[in-house]
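The structure appears right after this line, and notes come after that.
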Amino acid sequence: METPLDENIETIKENKDETTPIVASQKNYVSLRKQLLYSLIYALGIPLAVATFWGYSFLEKNTKVTIDRRLSKKALLAKDILSLSLEQAATIPLSMTSNPAVLEAIKEGNKKVVAENMTALSVPLLESNFSTTKLLQPNAALNNYLQITAKNSNFSEIFITESLGLNVAYSQQPSDFAQQDEAWWQKAKNSSRYISDPDFDASSNAYGISLIQPIKDPKTQQFLGVIKAVLPISYLKEITTYYLKDTDFFDSQQVQVIDTQAKKAITTIGGAEAIENTAIIGGDAIARITDILQSVSQKPQFTPEEILSQIPPDIKLRKVTINNLIAEQVQSSPENNPLTLSFNYQDKKYTLTPIPNTSFIVAASIDRSEVQSAANQLLIRFLILILSVFVITTVVILILSRKITNPLRELAVKAQEAASGNLEVRADLIGTTETITLAHSFNNLVEKVEQSIEKQARILHNAEITRREAVAVAEEQQEKNARIQQELLDLLGDVEGASTGDLTVRSRISDGEIGIVADFFNSIIESLREIVAQVKVASEQVNVSVGENQETISQLATEASQQANQITQTVTSVEQITQSIQEVAHNAQEAAKVAHIASNKAELGGESMELTVNSIKQLRGTIDQTADKVKSLGEASQDISRVISLINQIAMQTNLLSINASIEAARAGEEGKGFAVVAEEVGELATQSSEATKEVGSIIAKIQTEIYQVVEAMEIGLSQAEEGTQLVENTKDSLLQIMEVSYQIDHLVQSISKTTVSQAETSQNVTQLMEQIAQVSEQTSQVSQSASNSLESTVAIAKDLQSSVGAFKVERTAETTDISNT
Amino acid sequence: MTAKVLVVDDTPSIRELIANFLRKSGYQVIEANNGKEALEKALSNVPDIVVTDVVMPEMNGFELCRSLKKNPVTQNSRIVVCTSKNQDIDRLWGMKQGADIYLTKPFTEEEMIEAIQSVAV
């Protein structure tokens, strides 16, 4: 009975593990302690962080303000020390103005001046007169008094002049006797007391400030003289250092008293002691700002804008604050409301304040990094404090939570043990009332569970028997499956070859369940074998027949391409012929043109010939007419010679008459004498006429000879003209013949031209036809080529098919061949 | 004329048993050890009836059926399949391969004779 029970418990354990995985659940839930801690972080941590942040920002600001204030205070302290020292020093000369001995000495001096009429003397003369003593009249007691006072009050020198500026008394001998030419003296004479700018005093051989005090008659307020007391800068330096050195300084904090006239620091106090440094901290920029502050503070009234507007834009100041610039307040009580200018420049923080009535500015400076580090230190302290509060609180919470959770944890461990199967476990009744109650309830629960498990175990036992039976059936089923699988494996092994093309495989049929499937495979493979065998035969046949065709077609293709080539050549020749025919036509046309021109020329020649013949004919006519005229001229000359011979006869008769007349005259003597002269004269004339007629006769004979010659020439010309006419006629005939011939040529050539044109057209047509033929034969060639190509590819495909089919193995033995063939 | 019966079985005892039954009933019996041998003998002798087992080496009974039906010489021979494969699918397949009678082992003499007679006409 025990064994099944144990098994049952184990089953329950398993079930429990499956349904309630305790270990896993712990990861998903948060323990009480963690929960407390988380709440603590939210409840305490966040407010603390906020408080830290807020407190830090508040304190940081506060620290910075405090440091600022301390910086200003330091500057103001230095200012106060210096102003007070100066004020105090100024009281000494003031008190002297009411000293009777001083007044007496001045009055004595004035009297002496008046008595000796020194007002009229020039300064160099006065100087030379009193060069040894530099004193109007010796006054050892007063000199002694001044000496002691100077020593006690830290003055380097004190001296007194009367109303003309001549020395009356001194603590030590000054460089000059007459002071009326000095600027300070004239200023003192015209106004009240004042403090001069720092200067080097030759007589006291020291760098110092002069306190100038005019002396007036207490009763009449008449100007009597001047007291000058020189306070050395070294004293101011000393006193400033003395008072400041014990005050609290930051490491980088420094206070400078700056002389704005000389643009240098008269003293620099940093930390505990004076530093020998005359350079202004912050350099030229700060020097310029001190200048501005000094000049503005001298005015009776000014505004913050006035200062700010004067600061050059190239000096970048930040966080500028100007204190106490309400003019009325400054006016009413300048001591209580001193002017301060605070700002950040580069890495330092500055506070400047002017010393009233002087050219001094006190400048206090501190490194900003030190201000920041002070704030940072504060932050660190604050953080440490917060962190320690947080840690302490956490520890307290942890201890408290442990106290509360420990009994609960113990109970939880017990519960887990029970859950993992140990039902013997019982919880201890410890801790608070709640945990004790909880433990008690847990114990009851475990007992109840134990009882119910026993009940369940019995039911499970019965179920187990049923389960075992089911297992047996399942095993049987499994065996059967394995058998079938083995059969399948055998079958696959048998037919595996088929997948790689071996169709000779066959599967062995078995007694098993799927034996029949094996035969089914056999039947399929048999069919495949037959098909493949048929395909093999067919592809071989295709291969052979295509191979035969291919040769023929490729031959055809070759021939077609040759034909195409030949036709192309023919086309070229025909084109050449066409071209020559066109040339012939062209030439013929040119010849026709030439013939036509010749014909035209011949026609023109004919016309000219006609004209020539006509003109020759006209010439002949003219010659005929001329011959006639010449003949009539010859006749006329013969008439002339007849007339001349008649004239000659007349002359001879006249001569005879004259001779007769002279004889008669001679017979008549004297009276006929005159008549004899006339007869003689007539005789002479007749002789002359006879001679003239003779001459005319010879001329005419000459003319007649020439006329005869002309007639002869004319006749020759006439015959020549006739010959010319004949020649021209002949030429005209030849030209006519030429014309006819050229007309014929023209006709012939034109007919040639027409013929060649039609020839050219014909040959053009032939060319086109030939080209068409060439294209057709080209196409034929291409088609036969592509047919050849397709056949080649067909052969390739057939070969591929053959090799693919060859992959199938169909023959194993002689017996199977029979099957494949049928 | 007595019918010629080819008995094919790779188990000699069963083959002998069938042969005896048939001889007793007056049939002429030819015996073959497996399908291949049976096909050769069928081609040479041309039996009227073939009685064959299914599970055999070299060539099984169904293959024999197909070969006989494919060959014109033997395609008219009647076929009786006699096997221990007794499932419906086996019977269906056997009839498809050309069997005329599908007889399952174990069988009685009467059953065998009756089957032969039914196909012998």
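If you roll a 1.4 angstrom probe over the protein chains with everything in place, what fraction of the accessible area of segment A:516-806 belongs to carbon and sulfur, to the nearest %? Of all accessible area on segment A:516-806, carbon and sulfur atoms account for 58 percent. Expressed as an acute angle from 0 to 90° and rounded to the nearest 10, what is the orientation of the C-alpha long axis of helix A:140-152 relative to the principal long axis of chain A? It is inclined by approximately 90 degrees. Residues whose amide H falls under 5 Å from that of B:Ile30, counting only those 5 or more places apart or on a different chain, are B:Val5, B:Leu6, B:Val7, with hydrogens built in the peptide plane. Annotation for segment A:601-659 versus segment A:146-211: alpha-carbon center distance of 169 Å. Extension gain, A:Asp181 to A:Ser441, is 81.6 nm, computed as 0.36 nm per intervening residue step minus the present C-alpha separation. Of the residues making up segment B:78-95, those losing 40 Å² or more of accessible area when the isolated chain is joined by the remaining protein chains, with a 1.4 Å probe, are B:Lys85, B:Gln87, B:Trp93. Between A:Asp511 and A:Val473, the FRET efficiency from the beta-carbon distance, with R0 = 22 Å, is close to 0.40.
For chain B, modelled as a GNM whose springs connect Cα atoms under 10 angstrom apart, the maximal fluctuation among B:Ile101, B:Ile79, B:Ile89 occurs at B:Ile89.
Karplus-based coupling profile of segment A:391-407, in residue order and whole Hz: 5, 4, 4, 4, 4, 4, 4, 4, 4, 4, 5, 4, 4, 6, 7, 3, x, with θ = phi - 60° in 6.51 cos²θ - 1.76 cosθ + 1.60 and x standing for Gly or Pro. Can you tell me the orientation of helix A:46-96 relative to chain A, as the angle in degrees between its alpha-carbon axis and the longest Cα principal axis, to the nearest 10? It works out to around 80 degrees. Here A:Lys73 is the anchor, and the lysines within straight C-alpha reach of less than 27 Å, apart from those fewer than 8 places off in the same chain, are A:Lys61, A:Lys64, A:Lys237, A:Lys245, A:Lys263, A:Lys264, A:Lys299, A:Lys316, A:Lys319, A:Lys348, A:Lys349. The fraction of accessible area contributed by carbon and sulfur in segment A:64-373 is 51 percent, rounded to a whole number (1.4 Å probe; ligands and nucleic acids excluded).
Across the options A:Asn600, A:Ser790, A:Ser645, the greatest Cα extent toward the positive end of the charge dipole of chain A (unit charges at beta carbon of Lys, Arg, Asp, Glu) belongs to A:Ser790. Amide H contacts of B:Lys85 (H built 1.01 Å from N, in plane; Pro and chain starts excluded): B:Lys105 sit under 5 Å, all sequence-distant by 5 or more or on other chains. Helix A:100-116 and the longest principal axis of the Cα set of chain A meet at an angle near 50°. Rounded to the nearest 20 debye, the dipole magnitude of segment A:516-806 is 140 debye, with +1 charges on Lys and Arg beta carbons, -1 on Asp and Glu beta carbons, and the Cα centre as origin. Rank A:Trp185, A:Leu657, A:Thr767 by how far each Cα sits towards the positive end of the charge dipole of chain A (+1 on Lys, Arg Cβ; -1 on Asp, Glu Cβ) and give me just the farthest. Selected residue: A:Trp185. What's the carbon and sulfur percent of segment B:4-120's accessible surface, probe 1.4 angstrom, rounded to a whole number? Heavy-atom surface of segment B:4-120 belonging to carbon and sulfur, 1.4 Å probe: 50 percent.
Classify chain A: rounded, prolate or oblate, from the alpha-carbon gyration tensor (a ≥ b ≥ c, eigenvalue square roots; a/c under 1.5 rounded; otherwise prolate if a/b is larger than b/c)? It comes out oblate by the Cα gyration axes.
Interface burial in segment A:508-526 reaches 40 Å² or more for A:Ile509, A:Asp511, A:Glu513, A:Ile516, A:Asp519, A:Glu526, comparing the full protein assembly with the chain by itself; accessible area from heavy atoms with a 1.4 Å probe. Taken per residue, the accessible surface of segment A:494-625 reaches 59 Å², heavy atoms only and a 1.4 Å probe. With all protein chains kept in place, the per residue accessible area of segment A:64-373 amounts to 47 square angstrom at a probe of 1.4 angstrom. Each other residue within a Cβ distance under 10 Å of A:Val226 adds +1 if Lys or Arg and -1 if Asp or Glu, for a net charge of +2. Annotation for segment A:409-500: GluC sites (Glu not before Pro) lying in DSSP loop with at most 11 further Cβ atoms inside 10 Å of their Cβ are A:Glu424.
Length gained on full extension, A:Asp800 to A:Ala101, computed as 0.36 nm times the residue gap minus the Cα-Cα distance: 236.4 nm. Only protein heavy atoms count here; under a 1.4 Å probe, A:Glu305 has an accessible surface of about 120 Å². Under 18 Å from a label point 7 Å along Cα→Cβ of A:Arg426: give me every residue in segment A:449-465 with its amide N that close. Only A:449-452 pass the distance filter.
Label zone (A:Ala692, point 7 Å along Cα-to-C-beta; backbone nitrogen cut-off 20 Å) within segment A:642-683: A:642-659, A:678-683.
Taking label positions 7 Å along the Cα-Cβ direction at both B:Glu110 and A:Ile315, the computed distance is 14.4 nm, reported to one decimal. Accessible surface computed residue by residue for segment A:652-788, with neighbouring protein chains in place and a 1.4 Å probe, gives 70 Å² per residue. Across peptide B:36-43, the average count of Cβ atoms from other chains found within 10 Å of a residue's Cβ is 1.
The magnitude of the dipole of the protein assembly as shown, with charges of +1 and -1 set on the Cβ of Lys/Arg and Asp/Glu and taken from the Cα centre, is near 7880 debye.
Using the Cβ-Cβ distance between A:Glu434 and A:Glu306 with R0 = 60 Å, the FRET efficiency computed as 1/(1 + (r/R0)^6) comes to roughly 0.15. Once the other residues with Cβ under 14 Å from the Cβ of A:Thr612 are scored (Lys, Arg +1; Asp, Glu -1), what is the net sum? Its environment carries a net charge of -3. Burial here means at least 20 square angstrom less accessible surface with every protein chain in place than with the chain by itself, probed at 1.4 Å; in segment B:46-77 the buried residues are B:Val55, B:Glu58, B:Asn60, B:Phe62, B:Glu63, B:Arg66, B:Lys70. With a 1.4 Å probe, what is the total accessible area buried between chains B and A, in Å² rounded to the nearest 100? Chains B and A together bury approximately 1400 Å².
The values are calculated or read from the model by the stated rules, or taken from the named source; none is laboratory data. Keep in mind it's a predicted model, so treat the numbers as computed, not measured. Because the Cβ atoms are built from the backbone with ideal geometry, glycine has one as well, and the counts that use them run over all protein chains shown. Protein only, heavy atoms only, side chains kept; ligands, DNA and RNA dropped before computing areas. Shrake-Rupley method; radii C 1.70, N 1.55, O 1.52, S 1.80 Å.
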